[in-house]
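The values are calculated or read from the model by the stated rules, or taken from the named source; none is laboratory data. Note that the coordinates shown come from a computational prediction; the quantities given were computed from them, not determined experimentally. Using ideal geometry, Cβ is built from the backbone for each residue, glycine included, and neighbour counts are taken over all protein chains shown. Areas reflect the complete protein model, heavy atoms only, side chains present, ligands, DNA and RNA absent. Shrake-Rupley method; radii C 1.70, N 1.55, O 1.52, S 1.80 Å.
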Amino acid sequence: MNDTPESLSITSDLQEADRRHHLHPFTDHKQLGKKGSRVITRAEGVYLWDSDGSKLLDGMAGLWCVNVGYGRQELAQAAYDQMLKLPFYNTFFQTATPPAIELAALLAEITPEHLNRVFFTNSGSEANDTVLRMVRRYWDLQGQPDKKTVISRINAYHGSTVAAASLGGMKPMHAQGDLPIPGIVHIEQPYWYENGGDLSPDEYGIVAARRLEEKINELGEDQVAAFIAEPIQGAGGVIVPPETYWPEIKRICSEYDILLIVDEVICGFGRLGRWFGSDYYGLTPDLMPVAKGLSSGYLPIGGVMVSDRVAVTLIEEGGDFNHGFTYSGHPAACAVAAANVRILRDEKIIERVDTDTGPYLQQRWRELADHPLVGEVRGVGFVAALELVKDKATRTFFEKRGEVGGLCRDICFDNGLVMRAVQDTMIISPPLIMSREEIDELVTLAHQCLELTAKELGVS
Ligand SMILES: *Cc1c(COP(=O)(O)O)cnc(C)c1O
């Protein structure tokens, strides 16, 4: 192709070049080839615009990450200033840069009390790869090298690298590339709507949590290194655990000597109306991977928050930890993340989600429960889901899971709303700055799109 990128401005030209040269994540390219990708060109606040000039309300905050919304000058300025001053220096071999140091100190302040150190990565996946190496290193240093196995959950999402995808519990991911790698096992997820049967949510929460205890006993406590979980499973379909679940998990983790890893990549930085999901559920993680909302997606950055318990062992006994990324603690990414955390803090964005806009979103979202396609509505703070089902009364899913969800998602996209589908579960995770008026618009659009979906299916 002779086209220079500058000459590609018409949508059809962009789509053609995209089709020819660009392999996308989690995309069926044969399908994409037929219609071409939707090209997003700019954004402001909670809205996106595509290359044809159409406006979309972004119900997903990009990909669960643009917590402070689009168009924040301070974040662009922080990157610009830092890039002029020092665009890059590494943090290997006993060096550091001011932005990495400042961000580390800021994170120690806002995360739960016993988490005072961070290991920087560029993504959530790298954070979880780091976690796997760190827990095994920890138990080695404790003189228990057999404690290697990590227990995770079916349908968890922890990222896409080999270790992170193995820690995750997504069957379609495991099916490609012989995953999971050895030493990672999966238990039931606390998904009452699908798995709860005749039990009440609270009864089922205990049953689901005890799967952990059963698995520890089956493998032997001396073989188990850690349990990893998201406070609320995000990509799995916004699975909000029953209220009894986390207290029982906490009991089990304190009775058995295993580490608790709380993956805060989605729940962190305000999504549940607290700084972290761990604050919301009262958890004390030994390791806490973060990413996404850490920089509101303006630049790629992630990290692992390390508890005093783990850090002391790694530092006092460990010598070199032979692990790191060229861009661990990248100065521009750290400067942007620090500016983002200050915006969240100084503008009291998380407090507003907790006391005002979060409860309002949840209240308005629950009105959608009356729709004939909606079997359950659930959510906390600024994350929520709708289960689309064939029969509400009997909690019966559609025969071919995913078809109706995909249809509804496409209808949303064509009607100015970004809402994601996980099989037939419709999910939202809007920017935390969304106003009450914008929430009204979101719910009105979602309702219209449910109506259009029902019409297409011949349901009334
Ligand atoms: C997105 C996500 C990850 C992976 O983060 P990447 O930055 O995409 O590598 C890990 N854990 C959870 C809970 C996530 O939602």
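Scoring Leu368 on the criteria (1) open to solvent by 10 Å² or more (accessible area, probe 1.4 Å); (2) more than 25 Å from Gly53 (Cα to Cα); (3) in a helix (DSSP H, G or I) leaves a single failure, condition (1).
In the set Gly329, Gly297, only one residue is within 15 Å of Asn122 (Cα to Cα), open to solvent by 20 Å² or more (accessible area, probe 1.4 Å) and among the small types (Gly, Ala, Ser); that residue is Gly297. Residues of region 232-259 that are open to solvent by less than 10 Å² (accessible area, probe 1.4 Å) and in contact with a strand residue (DSSP E or B) (Cβ under 6 Å, 6 or more places away or on another chain): Gln233, Gly237, Val238, Ile239, Ile258, Leu259.
For region 423-460, the tally of residues that are among the aliphatic types (A, V, I, L, M) and crowded, with 21+ Cβ neighbours inside 10 Å stands at 10. Summed over region 134-176, residues that are away from the ligand (no atom under 16 Å from the Cβ) and assigned to a loop (DSSP other than H, G, I, E, B) total 9. Taken over region 247-274, the residue count meeting the criterion of being among the hydrophobic types (A, V, I, L, M, F, W, C), on the phi < 0 side of the Ramachandran plot and within 16 Å of the ligand (Cβ to nearest atom) is 7. Among residues of region 191-207 being free of Cβ contacts under 8 Å to residues at least 24 places away in the same chain and among the hydrophobic types (A, V, I, L, M, F, W, C), the one that is most open to solvent (accessible area, probe 1.4 Å) is Leu199. Considering only region 275-288, state which residues are open to solvent by 10 Å² or more (accessible area, probe 1.4 Å) and either more than 16 Å from the ligand (Cβ to nearest atom) or in a loop (DSSP other than H, G, I, E, B) (or both). Within region 275-288, Trp275, Asp279, Gly282, Thr284, Asp286 meet the criteria. On the given criteria, is Gly303 part of a loop (DSSP other than H, G, I, E, B) and open to solvent by less than 10 Å² (accessible area, probe 1.4 Å)? Here the answer is no, as Gly303 does not meet what is asked. Do the conditions hold for Val418, that is, is it under 24 Å from Gly69 (Cα atoms) and either surrounded by 14 or more Cβ atoms within 10 Å (Cβ to Cβ) or at pLDDT 95 or above (or both)? Yes. What about Ala291, is it surrounded by 24 or more Cβ atoms within 10 Å (Cβ to Cβ), touching a residue at least 40 places away in the same chain (Cβ under 8 Å) and under 18 Å from Asn128 (Cα atoms)? Yes, satisfied.
Of the set (1) modelled with pLDDT under 95; (2) small (Gly, Ala, Ser); (3) touching a Gly at 6+ places or on another chain (Cβ under 8 Å), all apply to Gly168 but (1).
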